[in-house]
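Read through the structure below, which is laid out as structure tokens, and then see the notes.
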Amino acid sequence: MKIENQLLSTILLLNFLTFASCSEKKPDTSNKTKNPFGSASNTENKILQPCRWTFTVEQSGNGEAMLVSTAKLDSGWHLYSQHIPGKGPSTEFTYDSLQTYRLIGETEEGETIKKYDSNLEMEVLYFERDAVFKQKIKLASKDDFIINGAIDYMVCLDHGQCSHFDEEISFTVKGSSSITN
């Protein structure tokens, strides 16, 4: 099992290095020496980011709010659903436990595409172009607060090349005046 985990880590690292120069790269008009791994010392060149996230909060007047996580995917890439059977590459959200809110239900997701994945040898649910995930919360604070968490996900091209990411997330939530402390 340890060798399998090391092999998987090595394959993911090689995929990452292979695609490091594929996303949003602008033509280089300078004569600077390039790093063979696709990134340079200046901040204009980017590491592979086939999936970019934005995070917003939709507040309602009834002491509830919706945490909205939106993924934008580069052409050709897909993001797996939260609902992949077994040990498939599902998207997972975690939120820090705070006394200022509580989760209501599960994180909901938009409409998925269902397709047999020959690399995984199973039917999977995934998103192309964009994906929206929503988590309802009940506020328990008059004061504004921040919810931190993480998204663990994998994005892949149809021919099986994949990249795994574990990103931190953050939401700024306004407290509710209807709360009595």
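Observations on the model:
- Of residues in segment 119-140 being more than 24 Å from residue 54 (Cβ to Cβ) and in a loop (DSSP other than H, G, I, E, B), the one modelled with the lowest pLDDT: 119
- Some residue of segment 146-168 being more than 26 Å from residue 48 (Cα to Cα), surrounded by 12 or more Cβ atoms within 10 Å (Cβ to Cβ) and at pLDDT below 95: no
- The listed residue being in a strand (DSSP E or B) and under 16 Å from residue 152 (Cβ atoms), out of 71, 65: 71
- Among (1) surrounded by 13 or more Cβ atoms within 10 Å (Cβ to Cβ); (2) within 30 Å of residue 177 (Cβ to Cβ); (3) at pLDDT below 95; (4) not hydroxyl-bearing (Ser, Thr, Tyr), the one test that residue 61 misses: (1)
- Total residues in segment 95-134, condition farther than 28 Å from residue 76 by Cβ and either in contact with a Ser or Thr (Cβ under 8 Å, 6 or more places away or on another chain) or not aliphatic (A, V, I, L, M) (or both): 9
- Residues located in segment 90-118, provided they are surrounded by 15 or more Cβ atoms within 10 Å (Cβ to Cβ), outside any loop (DSSP other than H, G, I, E, B) and more than 20 Å from the chain's Cα centre (by Cα): 101, 117
The values are calculated or read from the model by the stated rules, or taken from the named source; none is laboratory data. Treat the numbers as computed from the prediction; the structure is a model and nothing was measured. Neighbour counts run over all protein chains shown; Cβ positions are idealised from the backbone, glycine included.
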